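The values are calculated or read from the model by the stated rules, or taken from the named source; none is laboratory data. Remember, it's a predicted structure, so these values are computed and weren't measured experimentally. Neighbour counts are summed over all protein chains in view; Cβ atoms, including those assigned to glycine, are modelled from backbone coordinates with ideal geometry.
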Amino acid sequence: MGDTTMIGVIGGSGVYDIDGLENATWKTVETPWGTPSDQILTGSLDGVAMAFLPRHGRGHVHSPTTVPYRANIDAMKRLGVTDLISVSACGSFREEMAPGDFVIVDQFIDRTFAREKSFFGTGCVAHVSVAHPTCPRLGDACETAAKGAGVNVHRGGTYLAMEGPQFSSLAESKMYRESWGCDVIGMTNMPEAKLAREAELCYASVAMITDYDSWHPEHGEVDVTQIIATLMGNAENAKSLVAQLPELLGPNREPCPHGCDRALEFAILTQPNARDPELVAKLDAVAGRMLQG
């Protein structure tokens with residue numbers, strides 16, 4: 001993986017670029033998994049390489065289901081990203097996690113069902129652990145950066161990933177909140193977090209709260225007009241957060257103390273002589289460290 005930090009940011013609704021990037025260039029990145037959501041904005045900030053990808057594409061063209069998650073993660077890895085931060089709009093199931101607050105997510109419940117969730121498959125089988133799907137070291141940096149941006153931030157939370165694109169029914173919202181103990185709800189961090197782990201990337205998720213979903217008795221159903229207003233304020237705060245990450249992470253990178261960058265070490269089960277050469281070729285960026293040689 002090398003010893004140079006490159007910070008990748010995948011921006012959700014409202015976050016479509018990074019302020020202050022030096023030598024900023026929109027790059028087209030080809031991947032074996034198709035075309036990413038958009039070109040990737042590359043450059044540097046405070047001497048640290050950065051890459052930014054708008055998850056839904058500029059102009060918001062991809063729905064949560066049609067986001068090309070595998071292409072996005074492959075493209076980031078292919079560019080040399082070592083640390084990947086997701087920023088995404090979410091609903092809240094907790095009174096104290098109010099619109100405008102940020103949550104540094106550390107757990108997920110994946111209820112999506114219409115997406116490709118792995119780079120691996122027939123001909124090259126791998127099972128990575130996502131018991132702890134986010135990187136605590138990266139979460140620390142995001143928490144510090146959020147506080148520095150003046151955001152009310154909550155450390156730790158369970159994110160319910162739903163398929164969408166519709167928001168929850170009241171019955172679903174109550175179940176996720178009361179029976180399942182979830183804290184926030186969104187549509188995009190799965191399978192993104194799983195794929196980041198397969199690609200041996202450190203991954204952190206910053207949930208930007210826009211609303212109380214539909215469970216809250218005083219707020220009723222989700223009001224899209226109000227969401228958009230909150231979303232724009234969140235987007236500015238997210239840019240302030242991102243601007244502080246280079247100083248916090250630094251240009252020189254040590255191996256991840258939590259092993260995110262070694263996630264495939266014992267994960268690939270298919271024996272070398274039984275591997276599908278076509279699939280192995282597609283895995284050149286995400287798993288080349290383990291499959292080459």
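Report yes if residue 146 is in contact with a Leu (Cβ under 7 Å, 6 or more places away or on another chain), of a type in the set (A, V, I, L, M) and either more than 26 Å from residue 257 (Cβ to Cβ) or not in a loop (DSSP other than H, G, I, E, B) (or both), otherwise no. Quick ask: steps written out before the conclusion?
On the way: in contact with a Leu (Cβ under 7 Å, 6 or more places away or on another chain): yes; of a type in the set (A, V, I, L, M): yes; either more than 26 Å from residue 257 (Cβ to Cβ) or not in a loop (DSSP other than H, G, I, E, B) (or both): yes.
The answer is yes for residue 146.
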_Wholly enclosed helices (runs of 4 or more DSSP H) of the range 184-293 bearing at least 3 residues crowded, with 24+ Cβ neighbours inside 10 Å and in contact (Cβ under 8 Å) with a residue 12 or more places away in the chain_ = 189-198, 224-249
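Quick grid of which residues meet (1) over 20 Å from residue 44 (Cα atoms); (2) surrounded by fewer than 24 Cβ atoms within 10 Å (Cβ to Cβ):
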site	(1), (2)
63	yes, yes
69	yes, no
75	no, no
80	no, yes
86	no, no
91	yes, no
101	yes, yes
106	yes, yes
*Do you know which residues across the range 1-44 are closer than 26 Å to residue 224 by Cβ and at pLDDT 95 or above?*
9, 10, 37, 38
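Residue under question is residue 123, and the condition is that it be without any contact (Cβ under 8 Å) to a residue 40 or more places away in the chain and more than 14 Å from the chain's Cα centre (by Cα); does it hold?
Working: without any contact (Cβ under 8 Å) to a residue 40 or more places away in the chain: no; more than 14 Å from the chain's Cα centre (by Cα): yes.
Against the criterion (without any contact (Cβ under 8 Å) to a residue 40 or more places away in the chain and more than 14 Å from the chain's Cα centre (by Cα)), residue 123 does not qualify.
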*Looking at (1) in contact with a helix residue (DSSP H, G or I) (Cβ under 9 Å, 6 or more places away or on another chain); (2) under 19 Å from residue 244 (Cβ atoms); (3) crowded, with 16+ Cβ neighbours inside 10 Å, find the lone condition where residue 47 falls short.*
(3)
*Scan the range 105-113 and give yes if some residue there is in contact with a Cys (Cβ under 7 Å, 6 or more places away or on another chain) and within 20 Å of residue 151 (Cβ to Cβ), otherwise no.*
no
_Verdict on residue 177 being at pLDDT 95 or above, part of a helix (DSSP H, G or I), among the basic types (Lys, Arg) and under 17 Å from residue 103 (Cβ atoms)_ = yes
*Go through the range 238-260 and give me each residue that's of a type outside the set (A, V, I, L, M) and under 17 Å from the mean Cα position of the chain (by Cα).*
239, 260
*Subset of the range 104-120 [part of a strand (DSSP E or B), free of Cβ contacts under 8 Å to residues at least 60 places away in the same chain and more than 14 Å from the chain's Cα centre (by Cα)]*: none
_Among the numbered criteria (1) modelled with pLDDT under 95; (2) on the phi < 0 side of the Ramachandran plot, which one does residue 278 miss?_
(1)
*Residue check, residue 19 against (1) in contact with a strand residue (DSSP E or B) (Cβ under 8 Å, 6 or more places away or on another chain); (2) surrounded by fewer than 24 Cβ atoms within 10 Å (Cβ to Cβ), all met but one. Which one?*
(1)
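Going by what's in this entry, would residue 53 be described as closer than 19 Å to residue 190 by Cβ, modelled with pLDDT of 95 or more, surrounded by 17 or more Cβ atoms within 10 Å (Cβ to Cβ) and not polar (S, T, N, Q)? Steps first, please.
Details: closer than 19 Å to residue 190 by Cβ: yes; modelled with pLDDT of 95 or more: yes; surrounded by 17 or more Cβ atoms within 10 Å (Cβ to Cβ): yes; not polar (S, T, N, Q): yes.
Answer is yes for this residue.
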